[in-house]
Each structure stands twice: as structure tokens, then as C-alpha cells.
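The values are calculated or read from the model by the stated rules, or taken from the named source; none is laboratory data. All of these numbers come straight from a predicted model, not from anything done at the bench. Neighbour counts are summed over all protein chains in view; Cβ atoms, including those assigned to glycine, are modelled from backbone coordinates with ideal geometry. The accessibility values were calculated without ligands, DNA or RNA, using every heavy atom of the protein model including side chains. Shrake-Rupley method; radii C 1.70, N 1.55, O 1.52, S 1.80 Å.
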Amino acid sequence: FLYRQPWTGDGIKIAVLDTGLDLNHPDFAGRNIVSKSFVPNEPVQDLHGHGTHCIGVACGPLNPTDTSKPRYGVAYKSLIYAGKVLSNKGSGADGWILAGINWAIANSCRVISMSLGAEVSTSGYSVAYETAARAALNSGCLIIAAAGNGYNKPVSHPANCPSIMAVGALDFNLIKAPFSNITFYPPHGKVDICAPGVQVLS
């Protein structure tokens with residue numbers, strides 16, 4: 001079934017920390033976009049595509065410029081903060097990501113979305129990320145991070161932090177997608193919520 005939710009994201013600042021944004025994409029023309037790169041020697045312009053895809057999912061338009069394509073995106077009236085914390089090759093350093101989080105907090109973003117992560121092999125979590133996440137919560141900002149695509153491996157870093165919302169992926173039948181991480185090293189790092197994550201249009 002198709003459910004059209006009534007919320008638009010009007011006035012809400014959403015930071016997507018990823019590989020940047022295609023600043024020339026016609027579907028974002030006229031939108032209020034603030035951008036910054038934290039990757040040395042690489043501008044915000046997304047030469048990878050993952051960041052643009054993720055921003056489209058979160059903040060895509062009500063009416064795409066290509067009228068033959070269906071609508072995509074959730075918060076189509078939101079204020080987009082595109083932080084490039086991953087390189088055009090899709091990799092990044094913790095320092096770049098943490099700097100992006102601090103930038104988003106300083107700009108009063110209400111949501112920080114991070115579809116990124118690294119495998120973990122032991123219990124525990126990053127103190128640096130947990131400190132940043134607590135600072136975000138104290139300022140009214142929620143950090144959301146991918147649980148990971150490791151096929152049932154433990155929830156990845158930094159989504160395994162207690163103060164970061166770890167999101168797993170569901171398939172078309174609302175069953176856990178085979179690739180989505182779900183296990184964890186006690187007592188921290190459980191999946192907090194799941195959402196559709198298979199062949200998502202953007």
C-alpha cells in the first residue's frame with residue numbers, strides 16, 4: 001500500500017554526513033542548502049554518488065524534475081546540510097566524521113544522518129563518538145547511523161554507541177534484510193529501529 005505521510009520537514013535542519021552532494025542536481029535547485037567538506041583537498045561535490053542518494057532519500061523533492069519518475073524523499077521542505085566526511089572513493093577518517101558532527105550541532109541541526117560505519121570485533125564503543133552523540137542530544141539533535149551491511153555481524157561503529165540510533169534494514173515484506181547487521185556485543189550496540197532498506201528509490 002502507499003501511505004502519504006503528512007509531515008514535510010518544513011523548517012527542520014537535516015545534516016547528512018556522507019560523500020557530499022551533487023550540487024548541480026536539478027531536483028535540488030532552489031533548495032536551501034548549506035554544505036561543507038571535511039575531506040582534505042576534496043570539495044563537497046559528490047563524485048561517488050552515495051551522499052547524493054542518501055540526501056535524496058531524506059530530503060528529496062515532492063515533485064522530481066523528471067516527471068516520468070515517482071516521487072521520492074521524505075522531508076521535502078527541510079533545510080539541507082550536506083557534510084562531506086567521506087572521500088569520493090567512499091572512505092573516511094573518524095576525525096572528519098566527528099568534525100562533521102560538531103559542525104551540524106553548531107548549526108542547530110535537529111537530525112544527523114550517517115549511512116556509514118566500520119566493523120567491530122569486540123565489546124565497547126567509541127568514547128569520542130559517544131561524547132559527540134551526548135552533546136548532540138543535549139542540544140536537541142538526534143544522530144542516526146546505519147547498523148551496517150555485514151550480513152548479521154554485530155552493529156557497526158559508530159552506530160553501536162548508546163546515544164546513537166542504530167538503524168537496520170527491512171525488505172519488502174518488512175522482514176530483516178539478509179545483509180543487515182543485527183547481532184551485538186553485550187551490553188551495548190543493539191539495533192534501535194528498522195526501516196525499509198532494499199532497493200530504496202532516490
Original post:
Looking at VAL111, VAL74, which is the one that is open to solvent by 60 Å² or more (accessible area, probe 1.4 Å), in contact (Cβ under 8 Å) with a residue 60 or more places away in the chain, under 15 Å from the mean Cα position of the chain (by Cα) and closer than 30 Å to GLY30 by Cα?
Top reply: VAL74
Original post:
Of the residues ILE97, ILE143, ILE101, which single one is in contact (Cβ under 8 Å) with a residue 40 or more places away in the chain and assigned to a strand (DSSP E or B)?
Top reply: ILE143
Original post:
Is one or more of the residues making up region 156-170 out of contact with any helix residue (DSSP H, G or I) (no Cβ under 7 Å at 6 or more places or on another chain), at positive phi and open to solvent by less than 50 Å² (accessible area, probe 1.4 Å)?
Top reply: no
**OP:** Inspect all residues belonging to region 152-175 and state whether any of them is among the acidic types (Asp, Glu) and within 18 Å of the chain's Cα centre (by Cα).
**Re:** no
Subject >> Selected residue (only one of ALA195, ALA177 is within 21 Å of GLY56 (Cβ to Cβ), touching a strand residue (DSSP E or B) at 6+ places or on another chain (Cβ under 7 Å) and surrounded by fewer than 15 Cβ atoms within 10 Å (Cβ to Cβ)) >> reply: ALA195
Original post:
Quick one: what pairs do we get from region 29-40, first residue of a type in the set (Phe, Trp, Tyr), second open to solvent by less than 50 Å² (accessible area, probe 1.4 Å) and assigned to a loop (DSSP other than H, G, I, E, B), C-beta under 8 Å, 6+ apart or different chains?
Top reply: PHE38/VAL85
Original post:
Has region 66-84 got at least one residue that is in contact with a Cys (Cβ under 7 Å, 6 or more places away or on another chain), in a loop (DSSP other than H, G, I, E, B) and among the polar types (S, T, N, Q)?
Top reply: yes
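Could you say whether any residue in region 120-137 is open to solvent by less than 60 Å² (accessible area, probe 1.4 Å), touching a residue at least 40 places away in the same chain (Cβ under 8 Å) and not small (Gly, Ala, Ser)?
Checking region 120-137: at least one residue is open to solvent by less than 60 Å² (accessible area, probe 1.4 Å), touching a residue at least 40 places away in the same chain (Cβ under 8 Å) and not small (Gly, Ala, Ser).
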Subject >> Positions within region 183-202 being polar (S, T, N, Q) and under 18 Å from ASN152 (Cβ atoms), in sequence order >> reply: THR183
**OP:** Could you please tell me which pairs satisfy a Cβ distance under 6 Å, a separation of 6+ or placement on different chains, a first residue in region 178-202 that is part of a loop (DSSP other than H, G, I, E, B), and a second residue that is open to solvent by less than 50 Å² (accessible area, probe 1.4 Å) and aromatic (Phe, Trp, Tyr)?
**Re:** LEU201/TYR72; SER202/TYR72
